[in-house]
Protein chains: 2
Amino acid sequence: MTENPYPSEWLRGVLGLAVLRVIADGPTYGYAIALALADQGFGEIKGGTLYPLLGRFEESGDVSAEWREGDGGPGRKYYRLTESGRRLLHDRGRMWHGFARHMSGFLTTMPTERIER
Amino acid sequence: MTENPYPSEWLRGVLGLAVLRVIADGPTYGYAIALALADQGFGEIKGGTLYPLLGRFEESGDVSAEWREGDGGPGRKYYRLTESGRRLLHDRGRMWHGFARHMSGFLTTMPTERIER
DNA sequence: CGTCGCTAGGTAGCACGCCGATCTAGATAG
DNA sequence: CTATCTAGATCGGCGTGCTACCTAGCGACG
């Protein structure tokens, strides 16, 4: 269950942005991010996708990571947005609204029946 | 010029849908599709991206192709939507509106400041 | 005690798709 | 003759998602 409602190529494109958005709610860790995204109706993000992505974000300095011992269960690596990450989320977020409207408008315009020769 | 206004990972995701939408206006050919997309504000789609994509659509039966001699210039391969292609455009188009709203809403919701421990 | 299952993170191999470069080729302009 | 635009196509490299698989802590169950 929790079927993937959207084509994976769409999800792929926005996955990074969605992850930043989740982290923006406050420091959290990979497994919880995956659960949050699944809960929010984006598909189930697999570890093999998520952890390398978080690693790239860390490498690019958009998130910072901190290890905490788990209280009941294994340790967790908590991620938080850096200043640059917050800026990235903000900018890309604004950009997304434009893109979404742009694409929706393009799809919606009535076909100007091109003359078939 | 004609800068790429959006992250390429977003464009990549919707490229197929956008191409179908262009073809929906009536039979057209690859080079013209690339020009139309650039004109519509999506970036410049490279031949190495577009032609394989059109090939995959043809293979999947969503478009059909027909060769026509060029009037002034090289020959052109005209593509038209098949019934299944039209259905795909329609369904994916509807799906896109949902996805775009979904993602926009997710980005817009105020952060429910997670308690930092 | 041994095992199962959940939580949590990580890695390796494979496959797919974008991208840049390169090629062919017709038409036209200089 | 050469350059440029149009038009299509292919190929190698690269990035990245995805499927498996692995480690490891902890609790529950028989």
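The values are calculated or read from the model by the stated rules, or taken from the named source; none is laboratory data. Because the structure is predicted, anything quoted here is derived from the model rather than measured. Cβ placement follows ideal geometry from the backbone for every residue including glycine, while neighbour counts extend to all protein chains displayed. These accessible areas exclude ligands, DNA and RNA; they are computed on the full protein's heavy atoms, side chains included. Shrake-Rupley method; radii C 1.70, N 1.55, O 1.52, S 1.80 Å.
General observations
- Residue within the range A:49-69 that is under 18 Å from B:Thr109 (Cβ atoms) and either more than 8 Å from chain B (Cβ to nearest Cβ) or in contact with an Asp or Glu (Cβ under 6 Å, 6 or more places away or on another chain) (or both) present: no
- Only residues that are closer than 14 Å to A:Tyr31 by Cα and more than 14 Å from DNA strand D (Cβ to nearest atom) were counted across the range A:66-79, and they come to 2.
- Count of residues meeting criterion [basic (Lys, Arg) and closer than 12 Å to A:Gly16 by Cα] in the range A:32-81: 1
- Restricted to the range A:97-107, and to residues there that are touching a helix residue (DSSP H, G or I) at 6+ places or on another chain (Cβ under 9 Å) and within 7 Å of chain B (Cβ to nearest Cβ), the residue that is surrounded by the fewest Cβ atoms within 10 Å (Cβ to Cβ) is A:His97.
- Residues satisfying the stated conditions in the range B:1-10, i.e. among the acidic types (Asp, Glu) and within 13 Å of the chain's Cα centre (by Cα): B:Glu9
- Verdict on B:Arg21 being basic (Lys, Arg), within 13 Å of DNA strand C (Cβ to nearest atom) and within 14 Å of chain A (Cβ to nearest Cβ): no
- When residues of the range A:16-39 are limited to those that are over 14 Å from A:Thr82 (Cα atoms), of a type outside the set (Gly, Ala, Ser) and over 11 Å from the mean Cα position of the chain (by Cα), the one nearest to DNA strand D (Cβ to nearest atom): A:Tyr31
- Beta carbons closer than 6 Å, at least 6 apart along the sequence or on distinct chains, pair a first residue in the range A:22-47 that is at pLDDT below 95 and β-branched (Val, Ile, Thr) with a second that is in a helix (DSSP H, G or I) and more than 8 Å from DNA strand C (Cβ to nearest atom) for A:Ile45/A:Leu37.
- Failed item, numbered, when B:Gly13 is tested on (1) more than 8 Å from chain A (Cβ to nearest Cβ); (2) within 11 Å of the chain's Cα centre (by Cα); (3) of a type in the set (Gly, Ala, Ser): (1)
- Residue that is nearest to DNA strand C (Cβ to nearest atom), among those in the range A:75-89 that are closer than 16 Å to A:Ile33 by Cα and away from every other protein chain (no Cβ under 14 Å): A:Lys77
- Near pairs, Cβ below 6 angstrom, 6+ apart or cross-chain, from the range A:91-109 (touching a residue at least 24 places away in the same chain (Cβ under 8 Å)) to any residue that is open to solvent by 20 Å² or more (accessible area, probe 1.4 Å): A:Gly93/B:Leu107
- Flag for B:Met110 being facing another protein chain (nearest Cβ under 8 Å), open to solvent by 30 Å² or more (accessible area, probe 1.4 Å) and out of contact with any Leu (no Cβ under 8 Å at 6 or more places or on another chain): no
- Members of the range B:51-65 found to be near DNA strand D (Cβ under 8 Å from one of its atoms) and under 16 Å from the mean Cα position of the chain (by Cα), listed by number: B:Tyr51, B:Pro52, B:Leu54, B:Gly55
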